[in-house]
Amino acid sequence: EHRQGTLWYAGFHRARETDLVLVIMVPAATVLKPLNRLHIEIVVVGTALVVLLIVLLIFLLRKITYPLLTLTRSAVRIARHGSYQDPLHVNSRDEVGKLTRAFNTMMEGLRQRDFIRETFGRYVTREVVEELLETPDGLKLGGESREVTIMLSDLRGFTPLTEHLEPDQVIDLLNRYFEKMESIISDYRGTINEFLGDAILTFFGAPVQYADHAKKAVSCAVAMQLAMQDFNTKNESAGLPLLAMGIGINTGSVIVGNIGSQNRAKYGVVGHTINLASRVEGSALGGQVLITESTYANVQPNVEIRGTRTIELKGVEEGVTVYDVKAVTQPFLQRLPDEEPFAESLANPISVDVHVMKKKEVDDKPIKGLLTAFSATWASVTVDDEIEIAREVRMDIMDTISNKTVGIYARVASINRDADGIAHWVRISFLPSDSEHLVQVLDRG
C-alpha cells in the first residue's frame, strides 16, 4: 500500500475466538534494508572472487604459456636460423619444467652436432660429414666398390719455392691457394680426400653417387686452372712468385668408405685408379689438365682436346694414353689459353748443369748442357742425352761474381733433335728472383 508516496507492507492476524484482526504495517524500506545489504555484500564478495579468480587464472596461464611461448620462439629460431642461445631458465618441477630441461638438453646436443659439423667440415668435405653424422652405420669401418673419378692437382716448383720464402709467407700462400681451390671443388660436388703438402686429392661420385662424375671432374679441373690466373695476379701484386699447377684425372673402380681402426679412421678411397691418377698428374705441365682414356670415354662429347701422349708406367708393358684438355662445354664453355713453347734466343748460350729430378729428389750426376733460349716461362736447353717428356729438371747456372749456383726448376715439354744435340723445351716451374738478371748478364758476355 502506498501512503504519501511511500511503500508500506501490511500484515494481518485474526485473534482466535474473537472478531479482532491485528494489522501490522511497516515501511518497505525498513523490511528490505537487510536484504539490500545482503545483496550488496553478495555482489561485492562475488566481484572480488571473480577478480581473484581472473588474476589467479592469468598467473597460472602465464606460468604455463610463457615457458611454452619461450620454447616455441627458441625452437623456431633454431629451425630457421640455426641460432642458439643460453639454456632456458627452469622455474618449476612440473611437466613444463621437465619439458624445458629436455629442450635445453636437445639444444646443447644440436649445438655440439653443428660444432662438430663445422669443425670436422674443415678437414673433411661437408657431404662426408653429413654421411657420417646422419647415416646410422656411417661410422662403421668398411666400404664398397664404386666407380668414381679421381683428380689430383699439384703446384709445380713449390718445394724449392718454400726455401726462398719465410714460413708465414708459405702458409699464407698455401691457405689462399687451398681456399680458392676448395671453393671451386665444392661447386662441382667434389670430395677432397686430403691435402698432400701442396697437392689436393679429390674424388667425384662419392659419398653421394651421381652419374656425371667424370664430367664434373674435368670441368672442375679447367675452372681451377683458369682461377690460377687471378691467384697469380694477387701473388704478383704482393711481390710473390707466379705459380703453375698440373692436374691429372682418371676414372675407374675403387673401394670407397671408412678406412682405419676403431680409434682413428677416415673416409677415403683405395685402388689402382688413384695410382694411375697420380702418375698422370706427374706427367702434366703447369697449366695442363691431363685425363686418361677411361675419363675421356665419359666426357668425349663435352671436351676439346689439344692432343694425346703416351706415358710409361712401372710394371705395365703397354703405355697409357693421356689426353690434353683444351676446353669443356658443360656446364658452360670454359677454354684454357693456348701456350706454345717460346723464348728469345740467347746471343751467348750459357753452360748449365742439368739435374734430372726423381720424386722431387735431385740426381747427384748432372748432365752438361747449353741454355740457348730463355724467358720467365719457357727455356730451351740442349744436352747430349734425351730426357723424357714431363720429367722435372733443375738447371744450375754458376754466378761467377758471387761464386754461387742459381737453380732453375722446369719440366720437359717437347724434344727436338738437331746437329748440336737434343734440344729440350722446358716450362719453368720455379724461377729464383736473381736468375733472370744473371741470364741477362751472361747473355751479354
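The values are calculated or read from the model by the stated rules, or taken from the named source; none is laboratory data. Since the model is a prediction, treat every value here as computed from it, not as a measurement. Neighbour counts are summed over all protein chains in view; Cβ atoms, including those assigned to glycine, are modelled from backbone coordinates with ideal geometry. Please note that ligands, DNA and RNA were not included when accessible areas were found on the heavy atoms of the full protein model with its side chains. Shrake-Rupley method; radii C 1.70, N 1.55, O 1.52, S 1.80 Å.
Odds and ends about this structure:
- Given K215/K266; K234/K365; K266/K359; K215/K358, the pairs whose alpha carbons are separated by over 29 Å: K234/K365; K215/K358
- Debye, to nearest 20: dipole size of the chain, +1 on Lys, Arg Cβ, -1 on Asp, Glu Cβ: 3260 debye
- Model label zone, S433; criterion: amide N under 20 Å from point 7 Å along Cα-to-beta-carbon; scope the stretch 227-242: 232-242
- Contact order relative to length of the stretch 194-340, as percent, for alpha carbon pairs under 8 angstrom and 6 or more apart: 21 percent
- Listed peptides 370-380, 8-18, 295-305, 433-443 by packing density, highest first (mean Cβ within 10 Å): 370-380, 295-305, 433-443, 8-18
- A simple spin-label model places pseudo-atoms 7 Å from Cα toward Cβ; at E293 and I54 they are separated by 9.1 nm.
- Computed over the chain, Kirkwood Rh from alpha-carbon pairs, angstrom: 28.6 Å
- Note on V43: accessible area is roughly 70 Å² with a 1.4 Å probe, heavy atoms of protein only.
- A straight chain from T310 to H272 at 0.36 nm per residue would run longer than the Cα-Cα distance by 11.9 nm.
- Simple spin-label estimate for L7 and E318 gives 12.3 nm between the two label positions (7 Å along the Cα-to-Cβ direction from each Cα).
- Linear extension gain, S375 paired with T405, 0.36 nm per residue minus alpha-carbon span: 8.9 nm
- Mean separation of Cα contacts under 8 Å (6+ apart) over length of the stretch 238-303, as relative contact order %: 43 percent
- Most to least packed among 421-431, 234-244, 149-159 [average Cβ atoms within 10 Å]: 149-159, 421-431, 234-244
- Theoretical FRET efficiency, 1/(1+(r/R0)^6), r = Cβ-Cβ of A238 and E108, R0 35 Å, to 0.05: 0.20
- Estimated FRET transfer efficiency (T329, I171; beta-carbon r; R0 45 Å; 0.05): 0.75
- Percentage relative contact order, the chain, counting C-alpha pairs under 8 Å, at least six apart: 10 percent
- Helical segments meeting 27 Å axial Cα length and Kyte-Doolittle -0.5 threshold in the chain (DSSP H): 28-81, 167-187, 213-237
- Highest mean packing first, where packing is the average number of other Cβ atoms within 10 Å per residue, the peptides 200-213, 220-233 line up as 200-213, 220-233.
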